[in-house]
Structure formats: structure tokens, C-alpha cells
Amino acid sequence: MKKYRYLIIIIIILIVGFFIFPSGALSPAKNIFYKTISPFTVAGNYSVNGVTSFFKNLFQLGGIAKQNQALITENLELQSKLSVLAEAQHENEVLKKELGFVASQNNLKLLPATIIGRSTTGYLRTIVIDKGEKDGLKPNQAVVSQGYLVGTVKNVYFTSSEITLITDYNSLIPVLLQSSRGTGLLRGGLGGLTVEEIPLNIPISKDEQVITSGLGGDIPSGILIGKVSDVISKEGEIFQKVTVNSPIQIYYLKFVFVVI
Amino acid sequence: MIKIILRILLVILLVLIQLVLFNKFMILGVIPNIVLILAVALVIRSRNEYALMIGLGGSLLLDLGSPLRFGAYTLVTMIILFLLIYLINKYIPIPSYFTTFIIYLGVFICFDLFFFLLIKEIPSWQLILDCLIQSLWGIVIFVLTQDLIKNKEEIEVN
């Protein structure tokens, strides 16, 4: 019996933890755990990422050169479009002011956060950040990186928070296809990002931007998510379904911004 | 007492390695589960007590860092470890490398099926890929720790 004393203690902790978990009583313990591992994770982010990215770049050198050329061309095209858009935006802002509108996007406040933890299995796509309740974070707030939506706040602890990435099977976000104006639900999962429940009468075009629709009220509208890569709905289905490509390598991020 | 503290430190170190280092070695979306891999290696080498200690302590800590319900990860790990101990004791006393690979494959198929059940998702092709990659990691770690973790029978004979 003495031999199994520690085993019994751990099993008791396990059973107690299992039952008190839904009440949130484990939040302080989780917070302490995340705080303890954060220095190691941050150090690991820099050292291991440096080594892995070096080898990754080495293997992808040929591809990068081609990609660079394509990006230069795309950049030039975008610059010309940008100048046209800047004019349009100026005109739009003047009109909005005249009409008394307040541009909702300007009210967004971004809080920078460092990633201090990642899910321990490839099936769950979650990260942990070093900002929590004391920084004003609340569940369901949007998390962005480089202007693109990467996830939503799931659980908030005192100094840390768990973020469900948009690639997680649990993630469900109301979105809008920018050109065709079709609405749908962005779903994560093992098969990648998909937008489901798009009405059949919407003419979806490839490469059109997918943005948040703002429905539900938790996530502001207009945050970029990615581009439509393929329409995958089958004949006879009552809704359309598309796959979405995000340009952000979400799992390898070091910092994110929480929209508060 | 020192022995116990050392064991606890070993488990903490293992969890840190999993969270800091092995999270970066994601191949085709698969993160090696070092705690389970090492625990299985210990079971294969008949070091059941250490295997249960690493399995229980390690997964308990990983449970704290998991978004799933506390205890779920530990429960799945422990069921698999107890089942494996029973099977190895009864049917496979001295496994070869091939049998070890098959054991890892079986362990990860069970683990992943439990996991899919927990996250309420239908198993997909990712399961096969995950189990194969995890099993390969298993063999690598099994071979690397060969000198560190001696078979219990080998020690008794010596």
C-alpha cells in the first residue's frame, strides 16, 4: 500500500480535477502552469525556430526565388491598385463624414501578445498567450496577425489566455465572401479551412477575399481571413462549400494581436 | 526522498521538452507525443513502475496545458498503458524491433481513436498518418534510449 501512496494521491488529484474543471476552479493552477512554462517556451521559440527556419529555407531556396519573382510582380500590380484605392478611400471617408458615419474599423484596439504555449497534439490547434483578464481580455475576442484573423479567445485566466486557432476543429466563425457577398461559416478541422452554408445562388469566384461578417457580435466585421482556393460542394447539396487559404503560417507565429 | 524528487524533476523535464522542443518538430501536422513514446518504451523494457510514473505524471501536467477537460489526456494514457502492460506480460515477453513498431502503431491507433472520441470528430486519413509518424518517432526514441533504459531481465542476469 505504501508503495502506491503517490499513485493514489495523483489519482485523487485527477478525479477531483476532472469534476471541478467545468466550474473554472482550475483556472489559477492553469495560469501558474502557463506562467511557469512561458520563459522556456519563449526561449524555445527563438532558438528552435531559428534552427528549423534555417534548414527549411535551405531546402526551399529554389522555390523561394520563384516565389520572390512572383511577389515582386504582384507587388507592382498591388501598388498601382493601391493608388487607385487610396483615392477611393479618401472619397469614401469624405462621404462617410458627411453622412455622419463612424468608421467602425477605426475603433479597433489591438493588444500585442506573445505566444507562450502550443497544443501538445496536432489534432488540437490552440495556442496560449501571455495576456489575460488583467489586460482586459474576454472570451470570444478576435486574435489577428499581420491583419489576418488567426483565432478567437477561448479561456481567459488572470495573466494568460487560451486561443482557439481558426484551423481548430472547434472553430466556427461567420464570414463574408467579399466580391460575391455570400455569407457562410468558416470551419477549421483536419481537412483545412472551409466556408460552409453559402447559399446556392451566390456566384463564387476563385481567389476572392474572405472576411469576417461581424454576425454574432463577438468578432468585428471586415477582418481578412484568406482567399477562396476551391469550390468543393457537390451536386445536389443545398449549400455551397469552399476551401480557404490563409497566407499566415499560423502555427509558427511568435506574436499575435488581440482585438479588444 | 531524493529519489522521489529526482523522479518528479525528470517528469517535469520531459513535459518541458514536449512543450518547448517537440512542439516544433511537427511533421505533416503530427507532433511527437514524447511522454507516451517514452512510457511505452519503458513498458516494452519491463520497467512498468517508471512507465506508469512518467505516463501519469507527464500526462497530468500536459492535461493542465490542454484545452480539453482536465484528466481526459491522463485517462486515455493510463488505460492504454495498463492494457499494454497486460498484453506484453502475457503475450510478448521480448519484442523485436518490428514488434516494437507494431506495438507503437497499435498504441497510437488506440490513443488517436480515443482522442477523436473526445473531440467528437470522425477519424480521417490523418489518423493513419499520425500513427505511422508517431510509431517512427517511437522506434527512433526506443533505439536512442536503448543504453539508458536496460531491459529488467538483462539487469537481473548481469
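Read the figures in this text as sums done on the coordinates, not as results from a lab. Just so we're clear, the structure is a prediction, and the values are computed from it rather than from any experiment. Glycine gets a Cβ as well: all are built from the backbone with ideal geometry, and neighbour counts include every protein chain shown.
The modelled label-to-label distance between residue A:35 and residue B:83, using points 7 Å beyond Cα along the C-beta direction, is 3.9 nm. The distance between label points at residue A:234 and residue A:19 comes to 4.7 nm (points 7 Å beyond Cα on the Cα→Cβ vector). Computed over region A:187-260, the range of Cα coordinates on each principal axis works out to 43, 27, 20 Å, biggest value leading.
Please work out the Kirkwood hydrodynamic radius for the protein assembly as shown, using every pair of different C-alpha atoms, and report it in angstroms with one decimal place. Kirkwood radius, the protein assembly as shown: 24.0 Å. Legend: calculated FRET efficiency, residue A:58 to residue B:145, from the Cβ-Cβ distance at R0 = 25 Å, rounded to 0.05, equals 0.25.
Using 1/(1 + (r/R0)^6) with R0 = 41 angstrom and r between the beta carbons of residue B:125 and residue B:2, what's the FRET efficiency to the nearest 0.05? Working shown, then result.
Values: r = 48 Å, r/R0 = 1.17.
Computed FRET efficiency for residue B:125 and residue B:2 comes out at 0.30.
Work out the FRET efficiency for residue B:91 and residue A:243 from their Cβ-Cβ distance, taking R0 = 56 Å, and round it to the nearest 0.05.
On the way: r = 45 Å, r/R0 = 0.81.
After rounding to 0.05, the efficiency reads 0.80.
Quote the relative contact order of chain B in percent (integer), defining contacts as alpha-carbon pairs under 8 Å separated by 6+ residues.
Values: 146 pairs, mean separation 40.3, N = 158.
Reported relative contact order: 26 percent.
Over chain B, dividing the summed -39,500 (n - 2.57) contributions of all DSSP H runs of at least 4 residues by the number of residues returns a 222 nm mean residue ellipticity of -23000 deg cm²/dmol.
Loop only by DSSP, 14 or fewer other Cβ within 10 Å of the Cβ. Give me the trypsin sites (Lys or Arg not before Pro) in region A:144-246 that pass, ordered by residue number. Display every interim value, and only then the final one.
Details: sites: A:154, A:181, A:187, A:206, A:227, A:234, A:241; in loops: A:181, A:206, A:234.
Those satisfying the criteria are A:181, A:206, A:234.
Over region A:174-241, what is the mean sequence separation of C-alpha contacts under 8 Å (at least six apart), divided by residue count, expressed as relative contact order in percent? Let's see the in-between values first.
Numbers: 137 pairs, mean separation 21.1, N = 68.
Averaging sequence separation for qualifying contacts and normalising by length gives 31 percent for region A:174-241.
In percent, rounded to a whole number, the relative contact order of chain A is 16, using alpha-carbon pairs under 8 Å and six or more apart. Between the residues A:191, A:173, A:147, the greatest Cα displacement towards the positive end of the dipole of region A:116-260, with unit charges on the Cβ of Lys, Arg, Asp and Glu, is found for A:147. Label-to-label distance, residue A:140 versus residue A:172, with points set 7 angstrom from Cα along the beta-carbon direction: 1.3 nm. When the pairs A:30/A:131; A:30/B:3; A:254/B:24 are compared against a 18 Å limit on Cα-Cα distance, A:30/B:3 fall above it. In whole percents, the pair-distance distribution calculated for region B:55-111 from its alpha-carbon pairs, binned every 10 Å from zero, is 23, 44, 26, 8.
Here region B:44-143 is assigned +1 on the Cβ of each Lys and Arg and -1 on the Cβ of each Asp and Glu. Its dipole about the Cα centre then comes out at about 200 debye. Taking max minus min of the alpha-carbon positions on each principal axis, region A:111-206 gives extents of 47, 28, 20 Å, largest first. Distances between every pair of Cα atoms in chain B, grouped in 5 Å steps from 0 to the bin holding the largest one, split as 1, 9, 17, 23, 23, 15, 7, 3, 1, 0 percent.
A simple rule links phi to the HN-Hα coupling: the Karplus curve 6.51 cos²θ - 1.76 cosθ + 1.60 with θ = phi - 60°, which for region A:216-226 gives x, x, 7, 9, x, 7, x, 7, 5, 10, x Hz, with x for Gly and Pro. Converting phi to 3J(HN,Hα) with the Karplus coefficients 6.51, -1.76 and 1.60 and the offset θ = phi - 60°, region B:82-96 yields 5, 5, 5, 4, 4, 5, 5, 4, 8, 10, 10, x, 10, x, 7 Hz in sequence order, with x at every glycine or proline.
Along region B:134-145 the Karplus relation, 6.51 cos²θ - 1.76 cosθ + 1.60 evaluated at θ = phi - 60°, assigns HN-Hα couplings of 4, 5, 5, 4, x, 4, 4, 5, 4, 5, 4, 8 Hz to successive residues, with x for each Gly and Pro.
With the helix formula -39500 (n - 2.57) applied to DSSP H stretches of n ≥ 4, chain A reaches a computed 222 nm mean residue ellipticity of -12000 deg cm²/dmol.
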